[in-house]
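J.: Mind looking over this structure? Questions follow.
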């Protein structure tokens with residue numbers, strides 16, 4: 001939200017209301033996923049080595065030599081602005097994955113074709129059809 | 001901010017410039033109109049937009065990446081859309097797996113192909129549908 005240009009005061013206000021729960025939840029998830037139980041753990045001094053090795057979660061990969069993103073289930077990486085603003089603990093981004101990892105030069109090395117699948121709808125066309133009165137209510 | 005709520009292809013390319021090195025980028029989208037994209041307009045030969053037939057406004061809300069290499073296919077299934085807010089401001093889930101190239105179907109009838117499992121069959125179905133869709137759209141646009 002900060003990165004999108006939302007006023008910092010509004011972001012902090014929202015975080016003051018809901019942020020503690022969100023951050024606690026994210027930290028718990030991060031701890032659960034990486035097996036750590038030390039709640040006082042300090043942020044890592046350096047970013048985790050995201051491509052230090054290939055993870056073969058399901059044991060189905062036929063290759064372990066090709067570069068690429070970590071395999072298996074991961075949470076997505078939050079924008080650094082959340083951490084720089086002190087709203088999210090740095091360790092919440094440890095062991096996470098983002099599209100910059102998935103579509104890095106490393107990951108796309110040797111790639112002949114990339115499919116980006118994303119079904120989305122235009123809510124400006126969808127809303128008046130499914131809820132004809134909604135635009136009026138919004139205007140009021 | 002893209003109020004059309006379509007995939008923000010330019011945002012993806014900005015965040016991941018290596019996408020522009022891929023010879024062919026297939027964008028599978030919904031809702032009638034492909035995402036507006038300056039990079040796709042600049043390189044129309046690299047980007048292909050496909051829309052599978054579905055109900056108006058769609059019945060699916062899938063998000064996935066398929067990275068195709070000669071000997072391997074990497075699949076990423078995501079819970080977030082390819083838009084700034086979902087990528088950077090929300091905690092989403094990502095599942096990623098790589099698969100070796102499947103063996104060709106046996107030439108002789110009666111001999112069984114190696115089992116590829118339910119996910120493999122879904123992948124195979126996806127590829128066949130996309131291929132047919134691509135052929136269909138190519139036929140329509142080249143008339």
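Bear in mind that the values in this text are calculations on the coordinates, not laboratory data. Computed from a prediction, not measured in an experiment: that's the story for all the values here. Please note: Cβ atoms are built from the backbone with ideal geometry, for glycine as well, and neighbour counts cover all protein chains shown.
J.: Within 10 Å of each Cβ in B:81-91, how many Cβ atoms from other chains are there, averaged over the peptide?
T.: On the way: counts 3, 6, 2, 3, 4, 4, 7, 14, 10, 3, 12.
That average works out to 6.
J.: Could I ask something else about it? How much length would be gained if the chain were fully extended between residue A:126 and residue A:109, taking 0.36 nm per residue of separation minus their Cα-Cα distance, in nm to one decimal?
T.: Working: separation 17, 0.36 × 17 = 6.12 nm, distance 3.92 nm.
This chain segment gains 2.2 nm when fully extended.
J.: A further question follows. Over all directions, the average projected area of the alpha-carbon convex hull for the stretch B:9-103 comes to how many nm²?
T.: Details: hull surface 29.2 nm².
Over all viewing directions, the stretch B:9-103 projects a mean Cα-hull area of 7.3 nm².
J.: Something else now. Sorted by average packing, counted as other Cβ atoms within 10 angstrom per residue and highest first, what order do B:60-72, A:86-98 take?
T.: Working: B:60-72: 16.5, A:86-98: 20.2.
The peptides rank, most packed first, as A:86-98, B:60-72.
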